[in-house]
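Trainee: Provided herewith is a single structure, encoded as structure tokens, for subsequent inquiry.
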């Protein structure tokens, strides 16, 4: 009885277990087929589909010529062939090296590599080098460079097995630990990467079976990888057109004879962003790489320029290889990027850049910048910087060179700014001025400290559009704005007088005239502007008062962005007027203590030339999205800042500055020019600096005065030939204005 009951219980237990298992299976099937059904259906469908992206063409950046209306490409796209080899297919490496080396050898590239070699040798020289060690500093002659190139080319195409293969990157510590425990010959760990050295692997099949499950690569594929077949070697990245033609001809001739000596040599088209005009308007343009646009228009209009990639899907057969064309073929075409046309005039930009370079080099300045604007429209017709760079080879701006003539005291005096790892080092070139350059310190294995600098001194700073991204104290060019505000309010007229008998005491400071000259009683406002008298602007500022002056500076756009079409625009630095000390009220009136951007300044002065109407600055003329979709950017008035009468009055006063005052070197024979000089101090540790190389020299003006067609801002940073804007910036303004007047065919009006 007991046995029968036990057997009966076992039956029920087995039945219960069976039902439980069945229930689990049904639940799992329900989950897979119902809950996750769509997911697995999509996954199965995807496995039978081929999928690829079709790249969109990046839009072009263009500018126009004023006279012809012809468009020129500043930025476009091009394909340049890359020459590569499959060494496993090459029968006679010596023959190919002999044929290819003379065609693809580039002497400039070879000399650059040799220069890098010499630099490294010099860095590691002992204090008392031998003659043999010094001989290694001698540059190799061209024949030796050619011979070395030939030897390296032969080595590349002869190597049928790769030295190293990257199997896994950025591996987790646990995985790295598991790999190390296997002690597999030829498998090494480098930082977080798992590498293989095929020629050091003993039992390849065993190695593949052990590694495959760990790094999640199928055994068959991993086994093939570990053979290390060298199927792809780059021989030359940018092959010249002539070399390409000759090599292609040799390949065709080789095929015709069935010699197969060129088997394994082929070209691959590489797409590049190309800048046909080289350095022209480089800071306006910026540049683009594989990640998209960086700096300038390339960055601010990146989304418009890059377009949208297309999608191509096809159904595959069971092998996953052959395309089956049917109704489910899906093509989503790529949408090419828009073309952006700038307001810049090509001829003007070229001439301005030429003249700017001559001036910066001639007055031994750190750098310089020029903006040319149409006052009536706000359109920028030139925006030039120097030093500059070539967007086709933007990386060259980051090239460095070692400084070998530093004393121990100078090396120890290098200033460290910030905290590691973002710490920067600066070397003061002139201890009496605010002139410093960024440097890099490196400790060699021999314990020597090597100091290097950017060849162009600026490094990545050369990419910046300093016209919109940098702020500075404008100095005396700002007096024209302050005087216009006082004229508009009726606080002064050109004939209003004050007693200019000496320095003016303000708070704990003394306001002095730059040249130390004082013009006595009955000094007019006209003289204040002509002779750029700080004491006179102190009189004007006190007449206006904080609230009025601050409110009108805001109307002119200071303290806020202009919203020109660039990213990273700064809004300047200006405290709320209610917080000004009296010294700030007065120093603002002659352009010290306030910080502005160059684009803010020329926009404000453009309002003086435009009968008192402030225009929004613009550098994009139109955007062509294709299919007839063209967006034209129309000029945009912002607001009236002064009356027409005041604009005419301040213009007449600025004409007198050029004809009778400190701006006389900006004059153009036969024409009446309105303008104002500026010389702003720079500071070190809060103290104003004096002497050559310590000022920001500038000039701003417009012409012709009856119907201004252009306004020009010239800014020269730390000139050493002279500290004054009237001696450095004004002559450059004159040259640019003379060119502009002739270019626009404007008749003399003087």
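The values are calculated or read from the model by the stated rules, or taken from the named source; none is laboratory data. As the structure is a computational prediction, the values presented were derived from the model and not from experiment. Here the Cβ is made from the backbone with ideal geometry for all residues, glycine too, and neighbour counts use every protein chain on show.
Trainee: In segment 589-632, which residue that is under 19 Å from residue 561 (Cα atoms) and modelled with pLDDT under 95 is nearest to the chain's Cα centre (by Cα)?
Mentor: Here the residue is 595.
Trainee: Continuing with the same structure: Could you tell me whether any residue of segment 122-135 is part of a helix (DSSP H, G or I), touching a strand residue (DSSP E or B) at 6+ places or on another chain (Cβ under 9 Å), at pLDDT below 90 and surrounded by 14 or more Cβ atoms within 10 Å (Cβ to Cβ)?
Mentor: Restricting attention to segment 122-135, the residues satisfying the condition of being part of a helix (DSSP H, G or I) are 122-123, 131-135.
Still in the list and also touching a strand residue (DSSP E or B) at 6+ places or on another chain (Cβ under 9 Å): 122-123.
Pick out the ones that are also at pLDDT below 90 and you get 122-123.
Then drop every residue that is not surrounded by 14 or more Cβ atoms within 10 Å (Cβ to Cβ), which leaves 122-123.
Yes; the residues of segment 122-135 include at least one that is part of a helix (DSSP H, G or I), touching a strand residue (DSSP E or B) at 6+ places or on another chain (Cβ under 9 Å), at pLDDT below 90 and surrounded by 14 or more Cβ atoms within 10 Å (Cβ to Cβ).
Trainee: Among the residues of segment 706-727, how many are touching a helix residue (DSSP H, G or I) at 6+ places or on another chain (Cβ under 7 Å) and at pLDDT 95 or above?
Mentor: Qualifying residue count for the region: 8.
Trainee: Being part of a loop (DSSP other than H, G, I, E, B), modelled with pLDDT of 95 or more and either over 22 Å from residue 714 (Cβ atoms) or touching a strand residue (DSSP E or B) at 6+ places or on another chain (Cβ under 7 Å) (or both) is the requirement here; does residue 550 meet it?
Mentor: Working: part of a loop (DSSP other than H, G, I, E, B): no; modelled with pLDDT of 95 or more: yes; either over 22 Å from residue 714 (Cβ atoms) or touching a strand residue (DSSP E or B) at 6+ places or on another chain (Cβ under 7 Å) (or both): yes.
No, not satisfied.
Trainee: Still on this structure: Within segment 411-426, which residues are exposed (fewer than 14 other Cβ atoms within 10 Å of the Cβ) and in a helix (DSSP H, G or I)?
Mentor: Hit for segment 411-426 is 412, nothing else.
Trainee: While we're here: Being part of a helix (DSSP H, G or I), touching a residue at least 40 places away in the same chain (Cβ under 8 Å) and buried (at least 24 other Cβ atoms within 10 Å of the Cβ), is that true of even one residue in segment 377-397?
Mentor: Among the residues of segment 377-397, at least one is part of a helix (DSSP H, G or I), touching a residue at least 40 places away in the same chain (Cβ under 8 Å) and buried (at least 24 other Cβ atoms within 10 Å of the Cβ), which makes the answer yes.
Trainee: Of all residues in segment 513-546, which are outside any helix (DSSP H, G or I) and either at pLDDT 90 or above or touching a helix residue (DSSP H, G or I) at 6+ places or on another chain (Cβ under 6 Å) (or both)?
Mentor: Taking segment 513-546 as the starting set, the residues that turn out to be outside any helix (DSSP H, G or I) are 513-524, 531-533, 545.
Once the filter is applied, which keeps residues that are outside any helix (DSSP H, G or I) and either at pLDDT 90 or above or touching a helix residue (DSSP H, G or I) at 6+ places or on another chain (Cβ under 6 Å) (or both), segment 513-546 yields 513, 518, 519, 520, 521, 522, 523, 524, 531, 532, 533, 545.
Trainee: I would also like to ask the following. Restricting to segment 427-474, count the residues that are assigned to a loop (DSSP other than H, G, I, E, B) and modelled with pLDDT under 80.
Mentor: Of segment 427-474, the ones assigned to a loop (DSSP other than H, G, I, E, B) are 431-434, 444-448, 455-458, 464-465, 470-471, 473-474.
Still in the running and modelled with pLDDT under 80: 431-434, 444-447.
Going through segment 427-474 one residue at a time, the tally reaches 8.
Trainee: Check segment 737-748 and report whether any residue there is touching a residue at least 40 places away in the same chain (Cβ under 8 Å) and buried (at least 22 other Cβ atoms within 10 Å of the Cβ). Before you say what the answer is, go through the steps one by one.
Mentor: Filtering segment 737-748 for residues touching a residue at least 40 places away in the same chain (Cβ under 8 Å) gives 737-741, 743-744, 746, 748.
Narrowing further to those that are buried (at least 22 other Cβ atoms within 10 Å of the Cβ): 737, 740.
Yes - at least one qualifying residue is present in segment 737-748.
Trainee: Condition check: modelled with pLDDT of 95 or more and touching a helix residue (DSSP H, G or I) at 6+ places or on another chain (Cβ under 8 Å). Does residue 496 satisfy that? Before the answer, list the steps.
Mentor: Details: modelled with pLDDT of 95 or more: yes; touching a helix residue (DSSP H, G or I) at 6+ places or on another chain (Cβ under 8 Å): yes.
So residue 496 fits the description; yes.
Trainee: Going through 694, 649 one at a time, which residue ends up being over 30 Å from residue 362 (Cα atoms), buried (at least 17 other Cβ atoms within 10 Å of the Cβ) and touching a residue at least 40 places away in the same chain (Cβ under 8 Å)? Give the derivation first.
Mentor: Details: 694 fails: over 30 Å from residue 362 (Cα atoms).
Unique residue meeting the criteria: 649.
Trainee: For segment 599-646, which positions are out of contact with any strand residue (DSSP E or B) (no Cβ under 7 Å at 6 or more places or on another chain) and free of Cβ contacts under 8 Å to residues at least 40 places away in the same chain?
Mentor: Correct list: 611, 627, 628, 629, 634, 644, 645.
Trainee: Okay, moving on. Before we move on, is residue 485 under 17 Å from residue 678 (Cα atoms), outside any loop (DSSP other than H, G, I, E, B) and in the same structural domain as residue 571 (by TED's automatic domain parsing)? Break it down stepwise before answering.
Mentor: Details: under 17 Å from residue 678 (Cα atoms): no; outside any loop (DSSP other than H, G, I, E, B): yes; in the same structural domain as residue 571 (by TED's automatic domain parsing): yes.
No; evaluated as a whole, the condition is false for this residue.
Trainee: Residue 422 passes all but one of (1) out of contact with any strand residue (DSSP E or B) (no Cβ under 9 Å at 6 or more places or on another chain); (2) in contact (Cβ under 8 Å) with a residue 12 or more places away in the chain; which number fails?
Mentor: Residue 422 satisfies every listed condition except (2).
Trainee: Among helices (runs of 4 or more DSSP H) lying entirely in segment 553-660, which contain 2 or more residues that are more than 29 Å from residue 689 (Cβ to Cβ) and touching a helix residue (DSSP H, G or I) at 6+ places or on another chain (Cβ under 9 Å)? Working first, answer last.
Mentor: On the way: elements: 582-589, 598-609, 644-660.
In segment 553-660, the matching helices (runs of 4 or more DSSP H) lie at 598-609, 644-660.
Trainee: Could you grab me the full set of residues in segment 702-720 that are more than 27 Å from the chain's Cα centre (by Cα), touching a residue at least 60 places away in the same chain (Cβ under 8 Å) and surrounded by 23 or more Cβ atoms within 10 Å (Cβ to Cβ)?
Mentor: The answer is 702, 710.
Trainee: Can you tell me which residue within segment 153-170, out of those that are in a loop (DSSP other than H, G, I, E, B) and touching a strand residue (DSSP E or B) at 6+ places or on another chain (Cβ under 6 Å), is surrounded by the fewest Cβ atoms within 10 Å (Cβ to Cβ)?
Mentor: Initial filter on segment 153-170 (in a loop (DSSP other than H, G, I, E, B)): 159-160, 162-164, 169-170.
With the extra rule that they be touching a strand residue (DSSP E or B) at 6+ places or on another chain (Cβ under 6 Å), the set shrinks to 164, 169.
Details: 164: 13, 169: 11.
Of everything passing the filter in segment 153-170, 169 is surrounded by the fewest Cβ atoms within 10 Å (Cβ to Cβ).
Trainee: Is there a residue in segment 263-276 that is in a helix (DSSP H, G or I) and either under 42 Å from the mean Cα position of the chain (by Cα) or surrounded by fewer than 16 Cβ atoms within 10 Å (Cβ to Cβ) (or both)? Spell out the reasoning first.
Mentor: Initially, segment 263-276 is screened for residues in a helix (DSSP H, G or I), giving none.
No, segment 263-276 contains no residue that is in a helix (DSSP H, G or I) and either under 42 Å from the mean Cα position of the chain (by Cα) or surrounded by fewer than 16 Cβ atoms within 10 Å (Cβ to Cβ) (or both).
Table: residues versus (1) over 40 Å from the mean Cα position of the chain (by Cα); (2) surrounded by 17 or more Cβ atoms within 10 Å (Cβ to Cβ); (3) in contact (Cβ under 8 Å) with a residue 24 or more places away in the chain.
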site	(1), (2), (3)
462	no, yes, yes
496	yes, yes, yes
507	yes, no, yes
521	yes, no, yes
549	no, yes, yes
555	no, yes, yes
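Trainee: Assess whether residue 697 counts as being modelled with pLDDT of 95 or more and either assigned by TED's automatic domain parsing to the domain that holds residue 514 or in contact with a strand residue (DSSP E or B) (Cβ under 6 Å, 6 or more places away or on another chain) (or both). Show your work before the answer.
Mentor: Details: modelled with pLDDT of 95 or more: no; either assigned by TED's automatic domain parsing to the domain that holds residue 514 or in contact with a strand residue (DSSP E or B) (Cβ under 6 Å, 6 or more places away or on another chain) (or both): yes.
No; evaluated as a whole, the condition is false for this residue.
Trainee: Considering only residues that are within 31 Å of the chain's Cα centre (by Cα) and under 24 Å from residue 124 (Cβ atoms), look in segment 407-426 and name the one that is modelled with the lowest pLDDT.
Mentor: Within segment 407-426, the match that is modelled with the lowest pLDDT is 411.
Trainee: In this structure, does residue 511 turn out to be outside the structural domain of residue 558 (by TED's automatic domain parsing) and under 43 Å from the mean Cα position of the chain (by Cα)?
Mentor: Numbers: outside the structural domain of residue 558 (by TED's automatic domain parsing): no; under 43 Å from the mean Cα position of the chain (by Cα): yes.
So residue 511 does not fit the description; no.
Trainee: Now a separate question. Determine whether residue 238 is outside any strand (DSSP E or B), buried (at least 16 other Cβ atoms within 10 Å of the Cβ), out of contact with any helix residue (DSSP H, G or I) (no Cβ under 7 Å at 6 or more places or on another chain) and modelled with pLDDT of 90 or more. Working first, answer last.
Mentor: Details: outside any strand (DSSP E or B): yes; buried (at least 16 other Cβ atoms within 10 Å of the Cβ): no; out of contact with any helix residue (DSSP H, G or I) (no Cβ under 7 Å at 6 or more places or on another chain): yes; modelled with pLDDT of 90 or more: yes.
No: the conditions fail for residue 238.
Trainee: Just to be sure I understand, how many residues within segment 56-102 are more than 25 Å from residue 627 (Cα to Cα) and in a loop (DSSP other than H, G, I, E, B)?
Mentor: Matching residues across segment 56-102 total 7.
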